[in-house]
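Engineer: First, the structure itself, so that you have it in front of you.
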Amino acid sequence: MTPCESLLIPDQVPVPLGNYVAVTHAGGLGFVSGQFPMRQGRLAWTGRVGETLSVSQGRQAAVMAALNALGQIRKACAHAWPRVRLLRLDGYVASAPGFTDQAGVLDGASDVLVELLCERGRHARTAFAVPQLPGDSPIELVLTFFVDP
Amino acid sequence: MTPCESLLIPDQVPVPLGNYVAVTHAGGLGFVSGQFPMRQGRLAWTGRVGETLSVSQGRQAAVMAALNALGQIRKACAHAWPRVRLLRLDGYVASAPGFTDQAGVLDGASDVLVELLCERGRHARTAFAVPQLPGDSPIELVLTFFVDP
Amino acid sequence: MTPCESLLIPDQVPVPLGNYVAVTHAGGLGFVSGQFPMRQGRLAWTGRVGETLSVSQGRQAAVMAALNALGQIRKACAHAWPRVRLLRLDGYVASAPGFTDQAGVLDGASDVLVELLCERGRHARTAFAVPQLPGDSPIELVLTFFVDP
């Protein structure tokens, strides 16, 4: 693990909010449950981008959710962590009516994933606007990954 | 198949509503087309949770959609059914403005999946609020699964 | 490549709008970043179906986004193109309040995928209504595919 990874990726990751698990994997492929900008058990931000939150705050929320997602993978795949490669990021942004710069918000997440994992962090991306998210979170991120054999 | 499975998972599953198929699989991985709370060819519920439907009714709709999804897998993978393992559940809840307890609704689906398939039913989960769904359905579920070799 | 494929699938495909890549693949499985109805660097349609766009226009937008998605796969997997098989199409339709015929819009995409790739084009499908999409696009399509060994 690089020093950056140690500093930024949290060891304490959010626990599932229902009867599901944080990460599943099979046949080399892995799925992380939807991650939110949570710290110490609660959402660090709530509300919608373009309304109660600025694009810049939305980006910060996206970074935090991305780090939580990496924390989940590292916790679930401890020994395989150096062989983890990201495949896909789905980003859902709670958006005010008419707000369409979801890409700007999600760049916060994409940048931190590529910065921390370099080539292994490159991912396909989908961006969506939703009117609201569970718990009034401004962002929800879904990561799909691969573990090289 | 256990008695519970026989009783609860429908043999008659909804047919695709367009030029697509209910289930695809390759390399061990399988995808189920979005499933709705349909019985005998029509939606058993319509409308939005937090508006025309209560959380409790939303949960019932989620259970029905989850059973349809399992029915689709069992029909498509008949002989491999005992080796099917769930990986991921994406749950979309048609939600009234301001309604944010999508997790409460989707627990209905998660609970029945784990109850019927036990360890093989444990899944990663993503929860979303959408303003409406095809046909005015209150819920749409998307299952991703793996067939152990 | 068949004559139809040559004519319809674009060689010039949209470039990613942020720090991500158009296609990732590993272990035979591939993911295409969300595709929009873009031509020559800009959206050919904007707005919502059931409001500024008719269902028929939405279908045309869906066809264009589907062809872009195929173009991305063909570009990324050049030599493997004849062994590409589609698995899943996620279709997001920017929808006016109360508009619920997302299936009708997405049939445009499904039809062209099956027409061009025949059996290899058959896919599971999920359909969603969203209030808006990045850049005010009326449609976003996400393709998951498999490359036969």
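The values are calculated or read from the model by the stated rules, or taken from the named source; none is laboratory data. Just so you know, these numbers come straight off a predicted model, no measurement behind them. Because the Cβ atoms are built from the backbone with ideal geometry, glycine has one as well, and the counts that use them run over all protein chains shown. With ligands, DNA and RNA removed, areas are computed over all heavy atoms of the protein, side chains included. Shrake-Rupley method; radii C 1.70, N 1.55, O 1.52, S 1.80 Å.
Engineer: Has the stretch B:131-143 got at least one residue that is at the interface with chain A (Cβ under 10 Å from one of its Cβ atoms) and under 16 Å from the mean Cα position of the chain (by Cα)?
Structural biologist: no
Engineer: Among the residues of the stretch B:99-149 satisfying the criterion of being closer than 11 Å to B:A62 by Cα and acidic (D, E), which is surrounded by the fewest Cβ atoms within 10 Å (Cβ to Cβ)?
Structural biologist: B:D111
Engineer: Still on this structure: Assess whether A:G121 counts as being more than 9 Å from every other protein chain (Cβ to nearest Cβ) and either closer than 20 Å to C:L29 by Cβ or of a type in the set (K, R) (or both).
Structural biologist: Working: more than 9 Å from every other protein chain (Cβ to nearest Cβ): yes; either closer than 20 Å to C:L29 by Cβ or of a type in the set (K, R) (or both): yes.
So A:G121 fits the description; yes.
Engineer: Can you find even one residue in the stretch C:81-98 that is surrounded by fewer than 19 Cβ atoms within 10 Å (Cβ to Cβ), within 11 Å of another protein chain (Cβ to nearest Cβ) and at pLDDT below 95?
Structural biologist: Yes: the stretch C:81-98 contains one or more residues that are surrounded by fewer than 19 Cβ atoms within 10 Å (Cβ to Cβ), within 11 Å of another protein chain (Cβ to nearest Cβ) and at pLDDT below 95.
Engineer: Within the stretch C:101-126, track down each residue that is assigned to a helix (DSSP H, G or I) and within 11 Å of C:V55 (Cβ to Cβ).
Structural biologist: Step one: list which residues in the stretch C:101-126 are assigned to a helix (DSSP H, G or I), which gives C:102-121.
Answer for the stretch C:101-126, where residues must be assigned to a helix (DSSP H, G or I) and within 11 Å of C:V55 (Cβ to Cβ): C:Q102, C:A103, C:G104, C:V105, C:L106, C:D107, C:G108.
Engineer: Right, B:V112: within 12 Å of chain A (Cβ to nearest Cβ) and either in contact with a Phe, Trp or Tyr (Cβ under 7 Å, 6 or more places away or on another chain) or on the phi > 0 side of the Ramachandran plot (or both) or not?
Structural biologist: Details: within 12 Å of chain A (Cβ to nearest Cβ): yes; either in contact with a Phe, Trp or Tyr (Cβ under 7 Å, 6 or more places away or on another chain) or on the phi > 0 side of the Ramachandran plot (or both): no.
Criteria not met by B:V112.
Engineer: Kindly provide the set of residues from the stretch C:23-57 that are facing another protein chain (nearest Cβ under 8 Å) and open to solvent by less than 20 Å² (accessible area, probe 1.4 Å), ordered by number.
Structural biologist: Those that are facing another protein chain (nearest Cβ under 8 Å) and open to solvent by less than 20 Å² (accessible area, probe 1.4 Å): C:T24, C:A26, C:L29, C:F31, C:V32, C:S33, C:G34.
Engineer: Mind listing just one residue for me: the one in the stretch B:8-22 that is within 7 Å of chain C (Cβ to nearest Cβ) and free of Cβ contacts under 8 Å to residues at least 24 places away in the same chain and, of those, surrounded by the most Cβ atoms within 10 Å (Cβ to Cβ)?
Structural biologist: Here the answer is B:Y20.
Engineer: Is the stretch C:31-38 home to any residue that is in contact with a helix residue (DSSP H, G or I) (Cβ under 7 Å, 6 or more places away or on another chain) and without any contact (Cβ under 8 Å) to a residue 12 or more places away in the chain? First the steps, then the outcome.
Structural biologist: First, pick out the residues of the stretch C:31-38 that are in contact with a helix residue (DSSP H, G or I) (Cβ under 7 Å, 6 or more places away or on another chain): C:32, C:35-38.
Narrowing the set further to residues that are without any contact (Cβ under 8 Å) to a residue 12 or more places away in the chain leaves none.
No, the stretch C:31-38 contains no residue that is in contact with a helix residue (DSSP H, G or I) (Cβ under 7 Å, 6 or more places away or on another chain) and without any contact (Cβ under 8 Å) to a residue 12 or more places away in the chain.
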